[in-house]
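Here the structure is laid out as structure tokens; the discussion comes afterwards.
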Amino acid sequence: MQTFNVILMLFAAVSAQQPNYEGYQVLSAIPENDSHLKLLKDLNVKDGLDFLKISTRFETPAEFLVPRDQIENVFERLSINGLKYNIISSNVAEDLKKSFQLRNDEPRVFGLDKYNTFEDILSGLDDLLLKCPSSASCVLEDIGLTPENKPIRLFKIVKPSQRKIVWFDSAIHAREWLAPATNLKLLDAILSQEDPNAVSLLNKYDFYFLIIMNPDGYSFSWESPDNRLWRKNRTPNPGSVCRGTDLNRNFDVNWMNDGTSTEPCSDVFGGSSAASETETQNVQNYLRSIGSRVIALTSIHSTAQMILLPYGHTDSNEECAIPADHEKQLAAGNAFADAIENTYDTIWERGTGCSTICK
Ligand SMILES: [Zn+2]
């Protein structure tokens with residue numbers, strides 16, 4: 001019996017590490033009251049369902065994956081609470097296989113209007129150097145190597161005087177492919193200097209773009225349909241069959257505060273210690289070395305439409321911590337969100353990370 005239990009435990013752990021998504025469904029549900037929001041939060045935090053899109057307010061749809069063995073239970077709880085839902089995908093494995101096949105059939109060429117592999121992004125950055133405006137210098141700088149020896153590569157657009165730096169990073173979460181695709185568009189806009197705003201910005205600031213912060217995880221998410229939804233890095237965790245740390249929860253600032261798990265199999269595992277991961281150490285050390293020059297730092301994620309400002313943690317009274325210059329940051333965040341809303345007719349939430357997604 002003991003052996004059987006061990007085998008079962010191993011199977012459960014391996015499943016947690018690498019589901020094959022056979023029979024998984026994706027549901028969309030639009031909360032209309034507080035009990036709906038609470039149920040969605042429970043499904044995410046207590047039941048550990050994988051949310052592709054979180055919702056923290058009424059009329060904003062959440063999207064989440066439901067494993068085959070939990071479908072009946074989840075349907076029942078949604079129905080009891082009167083939370084209406086749609087099935088977006090009735091077999092995630094099939095959908096992942098189809099889109100994997102489509103991508104495999106495409107020619108492997110870097111493009112600004114498509115998703116790109118890590119290798120194609122590296123060669124794309126080489127090509128983009130040729131677009132550097134004559135008024136500036138463009139430089140590639142590796143700020144470190146990952147455990148799998150992939151470069152963590154910055155694309156810098158600079159002028160000789162030591163100006164303030166505007167920093168954009170993306171793909172700290174491997175599966176969020178839209179983030180590096182968006183970041184590459186921003187890089188191209190600054191390089192092209194076609195928009196008057198891009199001209200005035202480059203007249204004033206240096207730009208640092210980190211397109212792929214998590215190269216090992218990002219590359220892994222391209223390898224097979226089953227890997228497509230991988231989020232963390234790929235470093236083994238001693239004593240666990242589950243690999244990877246959520247790099248976004250590994251920085252040495254209020255480490256292991258809200259919304260972080262101590263369980264290595266969790267998608268929000270914060271690591272064995274603050275800045276335990278090579279990727280985190282490289283980025284953290286580099287940012288510390290240029291910190292006084294950084295005037296704006298934006299980390300791009302997908303898929304929620306939110307501008308999340310500091311801080312993401314709670315204080316000793318369990319209240320969301322607020323920085324002294326919150327009003328200034330909120331004004332900048334509002335300008336950012338308003339500009340996107342006015343351009344694309346979408347709705348963007350704004351607020352501190354803590355008040356918007358944790359509380
Ligand atoms: Zn993310």
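Laboratory data are not the source of any read-out in this text; all were calculated from the coordinates shown. Everything quoted here is computed from the prediction, not taken from an experiment. Here the Cβ positions follow ideal geometry from the backbone for every residue, glycine too, while neighbour counts run over all protein chains shown.
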Exercise. Identify the trypsin sites (Lys or Arg not before Pro) of segment 17-55 meeting these criteria: DSSP loop state and at most 14 other C-beta atoms within 10 Å of the C-beta.
Key: 46
Quiz item: Which GluC sites (Glu not before Pro) from segment 133-216 combine a DSSP loop assignment with at most 11 other Cβ atoms within 10 Å?
Solution: 194
Exercise. Go through segment 140-146 residue by residue and turn each phi into a ³J(HN,Hα) via Karplus (6.51, -1.76, 1.60, θ = phi - 60°); whole Hz please, and just put x for glycine and proline.
Key: 9, 9, 8, 8, x, 10, 7
Exercise. Calculate, for residue 340 and residue 104, the FRET efficiency according to 1/(1 + (r/R0)^6) with r their C-beta to C-beta distance and R0 35 Å; round to the nearest 0.05.
Key: 0.60
Quiz prompt | Within the chain, helix-based [θ] at 222 nm, where runs of 4 or more DSSP H residues each add -39,500 (n - 2.57), nearest 500 | solution = -11500 deg cm²/dmol
Quiz item: For segment 240-252, in order, what is each residue's ³J(HN,Hα) by Karplus, 6.51 cos²θ - 1.76 cosθ + 1.60 with θ = phi - 60°, in whole Hz (x at glycine and Pro)?
Solution: 9, 7, 8, 8, x, 10, 6, 4, 5, 10, 10, 5, 7
Practice problem: Can you tell me the FRET efficiency between residue 42 and residue 204 if r is taken as the Cβ-Cβ distance and R0 is 51 Å, rounded to the nearest 0.05? | Solution: 0.60
Quiz item: Is there a pair in 114/185; 53/84; 150/232; 131/185; 38/84; 185/328 whose C-alpha atoms are over 18 Å apart, and which pairs would that be?
Solution: 185/328
Self-check item: Amide H partners (placed H, <5 Å) of residue 88, local residues excluded
Solution: 26, 27, 28
Quiz item: Which angle between 0 and 90 degrees, to the nearest 10, do you get for helix 92-105 versus the longest principal axis of the chain when only C-alpha atoms count?
Solution: 40 degrees
Quiz prompt | Karplus-derived HN-Hα couplings along segment 56-62 (A = 6.51, B = -1.76, C = 1.60, θ = phi - 60°), whole Hz, x at Gly and Pro | solution = 10, 8, 4, 6, 10, x, 9
Quiz prompt | Crossing angle, helix 326-344 versus the chain [Cα axis fit, 0-90 degrees, rounded to tens] | solution = 80 degrees
Quiz item: Normalised by the residues of the chain, what does the relative contact order come to in percent, with Cα pairs under 8 Å and at least six apart?
Solution: 14 percent
Self-check item: On Cα atoms only, tilt of 178-192 relative to the major axis of the chain in degrees
Solution: 10 degrees
Quiz item: Given the C-alpha centroids of segment 94-121 and segment 246-319, what is the distance between them in whole angstrom?
Solution: 29 Å
